[in-house]
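One structure is given here, and the rest of the page talks about it.
The values are calculated or read from the model by the stated rules, or taken from the named source; none is laboratory data. Nothing here was measured: the structure is a model prediction, and the numbers come from that model. Neighbour counts run over all protein chains shown; Cβ positions are idealised from the backbone, glycine included.
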Amino acid sequence: MSYYKILGLEKEPFSTSPDPDFFYQSKEHKSALYRLRVAVELKRGLSVILGDVGTGKTTLSRKLCQFLSADAGLIFAILLNPIYETEEQFLAELAQRFGINITGGINNCPTVLDYMKGIEKFLFEKCVEEKKTIVLLIDESQKLIDPCLEILRSLLNYETNEYKTLQLILLGQMELLPRISRIKNLWDRIALKYILNPLQESEVKELIDFRLCQAGYLSRYPLFSDSAIRAVFNYTQGYPRKIAMICHDALEYLVMHRKEMVDKEVIQILRDKEVKPVLSAC
């Protein structure tokens, strides 16, 4: 039997997988999600969401995907790990994701220009003639090489008098910020810039309670004491991924040691276990 069933849970509450059903909407995450939806609806073009590792960018993107996929008026594509060595590889992936048939070039090997013309034609037909909204979301955007960023800058030039034909959402780590700021024609096209920060201590408690509730916990007795939540906050500094990891370990500890509640001592024991191998290796 899984440990979470022993605790009266129906699902794993603290998985680090980006399940949108377990997406806790802190004040910042809720604001970012709302503003992204507005930017897409108004066809404003480029939106950039930045944050350190573990701040919840990927789960935010999955929640946004959940909303966008339900809209029949949208054509939506997502790139999760954009590692491309050349512009041609990147453009070929974009064409495949949107179902665009690109022909031309020597031995039917399209050039960058062939791809750009084909994508421009697709954007015009779908967005202008068929009144669709075309959305491209790229997670881990800091992995894009500069030539690929230049391609995206060029794609954002395709517009009508009223709106951009491509709605581009870039999610990435903070290292992306100085790179795009150096590409002035790309930086100037950003309609939405948003930086996700770690959670406050009160939000850590809300996140834990929310995830337990989503996992089916119904008891009136809390699984985490206030002192444990404070210890979790001090240890994780409010980063959602680290919170999920330490809370998962804490619930396993409850089952293994037949305890009824996670207290600050449990969090301290788990912290010490993580620190000791690092010290011994020094």
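Being under 23 Å from Pro222 (Cβ atoms) and either out of contact with any strand residue (DSSP E or B) (no Cβ under 9 Å at 6 or more places or on another chain) or outside the structural domain of Phe124 (by TED's automatic domain parsing) (or both) is the requirement here; does Tyr34 meet it?
Numbers: under 23 Å from Pro222 (Cβ atoms): no; either out of contact with any strand residue (DSSP E or B) (no Cβ under 9 Å at 6 or more places or on another chain) or outside the structural domain of Phe124 (by TED's automatic domain parsing) (or both): yes.
In short, no.
Keeping to segment 84-104, report how many residues are assigned to a loop (DSSP other than H, G, I, E, B) and among the aliphatic types (A, V, I, L, M). Residues flagged as assigned to a loop (DSSP other than H, G, I, E, B) and among the aliphatic types (A, V, I, L, M) within segment 84-104 amount to 2. Within segment 204-221, the set of residues being crowded, with 17+ Cβ neighbours inside 10 Å and in contact with an Asp or Glu (Cβ under 9 Å, 6 or more places away or on another chain) comprises Lys205, Gln214, Ala215, Tyr217. Looking at Lys57, Lys43, can you tell me which residue is closer than 26 Å to Gln173 by Cβ, touching a strand residue (DSSP E or B) at 6+ places or on another chain (Cβ under 6 Å) and among the basic types (Lys, Arg)? Result: Lys57 is the single residue among Lys57, Lys43 that is closer than 26 Å to Gln173 by Cβ, touching a strand residue (DSSP E or B) at 6+ places or on another chain (Cβ under 6 Å) and among the basic types (Lys, Arg).
Look at segment 103-117 and say how many of its residues are β-branched (Val, Ile, Thr) and within 9 Å of Leu91 (Cβ to Cβ).
Kept after step one, since they are β-branched (Val, Ile, Thr), are these residues of segment 103-117: 103, 106, 111-112.
If we keep only those that are within 9 Å of Leu91 (Cβ to Cβ) as well, we get 112.
Going through segment 103-117 one residue at a time, the tally reaches 1.
The single condition among (1) assigned to a helix (DSSP H, G or I); (2) touching a residue at least 60 places away in the same chain (Cβ under 8 Å) that Leu192 does not meet is (1).
Condition check ((1) under 24 Å from Ala32 (Cα atoms); (2) assigned to a loop (DSSP other than H, G, I, E, B); (3) free of Cβ contacts under 8 Å to residues at least 40 places away in the same chain) across all residues:
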| position | (1), (2), (3) |
| --- | --- |
| Pro198 | yes, yes, no |
| Glu206 | yes, no, no |
| Asp209 | yes, no, yes |
| Tyr221 | no, yes, no |
| Ser227 | no, no, yes |
| Leu254 | no, no, no |
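Assigned by TED's automatic domain parsing to the domain that holds Glu265, modelled with pLDDT under 95, more than 28 Å from Leu42 (Cβ to Cβ) and hydroxyl-bearing (Ser, Thr, Tyr) - does that describe any residue in segment 224-244? The answer is no; no qualifying residue exists. Within segment 105-143, being touching a residue at least 40 places away in the same chain (Cβ under 8 Å), part of a helix (DSSP H, G or I) and touching a helix residue (DSSP H, G or I) at 6+ places or on another chain (Cβ under 7 Å) holds for one residue alone: Ser141.
Of all the numbered requirements in (1) under 27 Å from Asn157 (Cα atoms); (2) modelled with pLDDT of 95 or more; (3) of a type in the set (Ser, Thr, Tyr), Ser31 misses one, and that requirement is (1). If you go through segment 146-168 and keep only what is in contact with an Asp or Glu (Cβ under 9 Å, 6 or more places away or on another chain) and aliphatic (A, V, I, L, M), you end up with Ile151, Leu155, Leu166. The set of residues in segment 136-183 that are of a type in the set (A, V, I, L, M, F, W, C), touching a Lys or Arg at 6+ places or on another chain (Cβ under 7 Å) and within 11 Å of Gly45 (Cβ to Cβ) contains only Leu156.
What number goes with the only condition from (1) surrounded by 15 or more Cβ atoms within 10 Å (Cβ to Cβ); (2) within 27 Å of the chain's Cα centre (by Cα); (3) closer than 20 Å to Lys11 by Cβ; (4) without any contact (Cβ under 8 Å) to a residue 60 or more places away in the chain that Cys247 does not pass? With (1) surrounded by 15 or more Cβ atoms within 10 Å (Cβ to Cβ); (2) within 27 Å of the chain's Cα centre (by Cα); (3) closer than 20 Å to Lys11 by Cβ; (4) without any contact (Cβ under 8 Å) to a residue 60 or more places away in the chain applied to Cys247, the lone miss is (4).
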